[in-house]
Amino acid sequence: MTLWLLGTHLDRTAASLDEHDRVLLIEATEFAERRPYHPHKLTLVFAAMRRFRDDLRARGLTVDYRRVETFAEALDDHFDEHPGDDLTMPRPAADAAEDRLRELVDDRGGSLSFVPNPTFLLTPEEFDEWAEGRNTNDPDTYRMEGFYRWMRRRSGVLMDGDSPVGGEWNYDEQNRETPPADWEPPDPPEFEPDETTREVASWVDSTFETFVDGAETAPFRWPVTREEALSALERFVDARFAEFGPYQDAMIEGEWAMTHSLLSASINLGLLRPMEVIERAERAYEDGDAPINSVEGFVRQVLGWREFVRHVYRRSMPAMADANQLGQAEDLPPAYWTGETEMTCLSEAVEGVRKRGYAHHIERLMVLSNFALVYGADPQELNEWFHQGFVDAFHWVTTPNVVGMGSFATDALSSKPYASSGSYVNRMSDYCSSCPYAVSRDTGEGACPFNSLYWTFLREHEETLRGTGRMGLMYSHVDDKGEDEWAALEERAETVREMAREGEL
Ligand code: FAD
Ligand code: SF4
């Protein structure tokens, strides 16, 4: 009996570890050769796997750690040594992966069964029970908000009997502040790489083709062990959590982390369990260390969004991966790879990705995917870009966020696109003041590229978007524009597209 764990199952607290004869971990390089991942992503996954192996061995568990090119190769070796073995694995995020893995094991005369995956709160059956009878096309019944309230009631998190703690389910209204000019966020935690991580990092640099050259990144400082991840959680609660809520949507030049938790990669790899993170947040509220708008805002992300996207993804695949309801087909501008653009907002966000494989939620949604959306970029190419560039990217979470939320290529996650002009960036950041483009102008040379792209995007997709939820106000502005204005907007949008294609934006 072997417990087979993937690089996203590094959960030392799993009780079933002791119930097996051994743990099998396969470090297969094929995954890293499939696409040019960010070097920090590869270092993170491989270093975390090796540290996890060492940790389990130190606890007296038998670990077969196989460094190979493919899973098939490692399983050949495994079944040579343990003919007919029964393998158990936490359930992967996609049903298709279950079939593929089971086939690999069956072909070698073994058996593979799946157990609940501790990196998620709900099993597929539990989510399906919630979803049953709800019309997946009806925003009022099959949406995150309803799911989230159901999760709050079900788990008792931030509940006072049947009522939400504080009296409201949602404190978003209080979470759209921008900090005063002299505010500086506390430094994000940094974890000095040990010898194993340094060895992995240099092996990654010399072995794989990567999203960006290792020499161009910031030093690798992500947590690779459970201790480090727990320490990152504590540092977040101590130093940044109180201001997480109010400044959740804010952006400041040079401040890549703001007050975000930076915990997504640790949770996605299994170093932290979602419920322990939620309970820690709840305790901070009870201890008076963070206000309700910060705590509820954070709980909403982990208890609500993270679970919701995981299951909507599972139920929408494989169609979601290829969705393109707006028929967008432009190649992604070269600036997404080079970071070379005069647009302060885009250059800041892309630089963060290039340096650390990270951009915070608002940069992901309202800069990186918003620009690609109004520009008309192919959602699959954007998804691929996110998948390559981010340390926390895994198909189950990147795809619904990029294809659904960011690109509105499917309405599985939101009833309207997250599209905006430069005015949103201007309201939520200090970027526009140092940008050579004028956010106040829509047309003509020097006008903010977001603006003309935004208006022409709305007009081009009017048939699909006018009737969708909450777009009425935007279309009243579209209706107010005269033909001369439209001609100038079209001209500017075309110039912007041309500059973007040429890498001259
Ligand atoms: P915080 O802002 O501190 O949020 C707390 C936690 O909530 C996160 O650590 C994460 O676990 C969870 N969370 C918040 N929003 C989401 C969400 N929409 N979906 C799933 N979990 C969420 N998240 C990933 O983990 N991997 C991705 O590849 C990824 N790609 C994204 C692409 C786009 C276009 C968008 C809009 C969002 C994406 N997200 C992704 C979700 C979210 O932006 C990141 O989880 C978050 O920015 C990670 O930083 P953090 O840990 O500092 O998050
Ligand atoms: Fe971005 Fe436009 Fe503001 Fe420049 S002016 S930072 S391009 S929103």
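The values are calculated or read from the model by the stated rules, or taken from the named source; none is laboratory data. Just so we're clear, the structure is a prediction, and the values are computed from it rather than from any experiment. Here the Cβ positions follow ideal geometry from the backbone for every residue, glycine too, while neighbour counts run over all protein chains shown. Accessible surface is based on the protein model in full, side chains and every heavy atom, while ligands, DNA and RNA are left aside. Shrake-Rupley method; radii C 1.70, N 1.55, O 1.52, S 1.80 Å.
Summing Cβ point charges (Lys, Arg +1; Asp, Glu -1) relative to the Cα centre of the chain gives a dipole of roughly 820 debye. For the range 87-130, rounded, prolate or oblate, judged on the Cα gyration tensor with a ≥ b ≥ c (square roots of eigenvalues), a/c < 1.5 rounded, else prolate if a/b > b/c? Judged from the Cα gyration tensor, the range 87-130 comes out prolate (a/c at least 1.5, a/b above b/c).
Over the Cα atoms of the range 2-115, the radius of gyration divided by the Kirkwood radius equals 0.94; this is the Rg/Rh ratio. Using a 1.4 Å probe on the protein chains only, how many percent of the accessible area of the chain belongs to carbon and sulfur? Result for the chain: 44 percent of the exposed heavy-atom area is carbon or sulfur. Average accessible surface for the chain: 41 Å² per residue, computed with a 1.4 Å probe over protein heavy atoms with every protein chain in place. Quotient of the Cα radius of gyration of the range 335-501 and 2.2 N^0.38 Å, N being its number of residues: 1.00. A helix-only calculation puts the chain at -13000 deg cm²/dmol for mean residue ellipticity at 222 nm, using -39500 (n - 2.57) for each DSSP H run of at least four residues, averaged over all residues. Based on every Cα atom in the chain, Rg and the maximum pairwise Cα distance Dmax equal 23.3, 76 Å. Taking every DSSP bridge with both residues inside the chain, close to 15 percent are antiparallel. Across the range 213-344, Cα-Cα distances exceeding 20 Å account for 61% of all pairs. Straight-line cross-link partners of residue 481 among the lysines, defined as a Cα under 26 Å from its Cα and at least 8 positions apart when in the same chain: 416. By the rule of a C-alpha distance below 23 Å, with chain neighbours fewer than 8 residues away ignored, the lysines paired with residue 355 are 41. One equal scatterer on each Cα of the range 427-505, no solvent, Debye formula: the resulting log10 I(q)/I(0) at q = 0.14 Å⁻¹ is -0.52.
What the Kirkwood sum gives for the range 314-357 is a hydrodynamic radius of 12.7 Å, with every pair of different alpha carbons counted. Here the chain is scanned for trypsin sites (Lys or Arg not before Pro) in DSSP loops (not H, G, I, E, B) that have at most 12 other Cβ atoms within 10 Å, and the longest stretch holding none of them is 60-469.
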